1. Highest mean first, how do 136-145, 49-58 rank when packing is the count of other Cβ atoms within 10 Å averaged over residues?
2. In region 66-189, what % of DSSP beta bridges are antiparallel (nearest 5)?
3. Using the basic label-point model (7 angstrom from Cα toward the beta carbon), what is the D58 to I46 distance in nanometres?
4. Describe numerically, in nm with one decimal, the distance between label points set 7 Å from Cα along Cα→Cβ at I161 and at L82.
5. Relative contact order for region 78-189: what is it in percent, counting Cα pairs under 8 Å that are at least 6 residues apart?
6. Which value in nm describes the separation of the simple spin-label points at A73 and R187, placed 7 Å from the Cα toward the beta carbon?
7. How big is the Rg/Rh ratio for the chain, C-alpha atoms only, Rh by Kirkwood, two decimals?
8. Å³ per residue of the Cα convex hull, for region 87-154?
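Just so you know, all these numbers are worked out from the coordinates, no wet-lab data involved. Since the structure is predicted, the reported quantities are computational estimates derived from the model, not experimental observations. As a convention, Cβ positions derive from the backbone with ideal geometry for all residues, glycine included, and neighbour counts pool all protein chains shown.
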Amino acid sequence: MDREAAARAIEDFLRALGHEPAGELLGTGERVADAWADDLLEGESIDAAAVLREGTLDVSAAGTGLVVVRELAVTTVCPHHLMPGHGSALVAYLPDRRIAGIGTIAHVVDVLARRLTLQERIGAQVAELLVSELGARGALCKLSLTHTCLIARGERKAGTIVDTIAVAGTFAEPSADRDLAFAALARGA
């Protein structure tokens, strides 16, 4: 990432909108470039699959029931308007022989959300990674986000929450596993 070029581009953007980067806008280009590089897009440079693989523990298949992690704070940036969306994630998975640390699940959600990406893609990637990398029998990710592009501009629909639900593995087809996951999802609503 070229921070200097990004900072110059922000200053040019401000000028194009009729604002000289002086006074309270002095240094805004650098601050914005740093915010995007160090925070809003930090997931671009992190391998979510590696994070998941490194944060797992082998267990016996006996005694491993459904794992549900609720209310994980999420912030992402919509690629259509470059405006943030924020809210929470619910992640559920049915382990086979490995489980993931709760902090690992939270980190994987953050890595996938801290990119220029769609909400729908984040959930699908979380669920697929839990199945492909962790070996979960089934996985589900529900995201409930408020998008500032829907609130601050255009339709201006304050209070709107967008829910998406992605499933993978045994949760993708009608089954007892899927029923269990959706029952847990309903309790979280």
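1. The peptides rank, most packed first, as 136-145, 49-58.
2. 95
3. 2.7
4. 3.0
5. 30
6. It works out to 2.6 nm between the two label points.
7. When Rh is taken as the Kirkwood radius, the ratio is 1.07.
8. 80
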